[in-house]
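Presented below is the structure to which this report refers.
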């Protein structure tokens, strides 16, 4: 099946270490919650699901970063994930990785790729 690009948001909507943008993706015929964030100037996106248990990470809609704005944090379990790789560095799922979503940014717009 061919992958297609879908608009997520404008580039300006993603501030480094700031509020993320929630969206849904289609993967293997299922709709999944996902999110995009900006970290160190780059856009990253992941399926919005903690690797410990199937709960969404954000503690308020779009709030994925910890208080220091260094890591993504699971509001339920406190697991910490590296924003640029999705690797869990602390918490009950240490060593696991968030499921990445392919994104690209061009001409002031962020797109995701999906089935």
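The values are calculated or read from the model by the stated rules, or taken from the named source; none is laboratory data. On a predicted model such as this, the values are computed, not experimentally measured, just so you know. No Cβ is skipped: glycine too gets one built from the backbone with ideal geometry, and neighbour counts run over all protein chains shown.
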Checklist entry - Can you find a residue in segment 17-28 that is in contact (Cβ under 8 Å) with a residue 60 or more places away in the chain, buried (at least 17 other Cβ atoms within 10 Å of the Cβ), out of contact with any helix residue (DSSP H, G or I) (no Cβ under 8 Å at 6 or more places or on another chain) and farther than 22 Å from residue 68 by Cα? => result yes
Next on the checklist: Any residue at all in segment 34-43 that's part of a loop (DSSP other than H, G, I, E, B), free of Cβ contacts under 8 Å to residues at least 60 places away in the same chain, in contact with a strand residue (DSSP E or B) (Cβ under 9 Å, 6 or more places away or on another chain) and crowded, with 18+ Cβ neighbours inside 10 Å?
Outcome noted: no
Next on the checklist: Can you report the number of residues in segment 72-115 which are touching a residue at least 12 places away in the same chain (Cβ under 8 Å) and within 21 Å of residue 11 (Cα to Cα)?
Outcome noted: 18
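Just to be sure I understand, how many residues within segment 44-56 are within 13 Å of the chain's Cα centre (by Cα) and in contact (Cβ under 8 Å) with a residue 40 or more places away in the chain? Write out each step before concluding.
Applying the first criterion (within 13 Å of the chain's Cα centre (by Cα)) to segment 44-56 yields 44-51, 56.
This time we only want the ones that are in contact (Cβ under 8 Å) with a residue 40 or more places away in the chain, so: 44-47, 49-51.
The total comes to 7.
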Next on the checklist: Just to be sure I understand, how many residues within segment 80-115 are more than 18 Å from residue 32 (Cβ to Cβ), in a loop (DSSP other than H, G, I, E, B) and modelled with pLDDT of 95 or more?
Outcome noted: 6
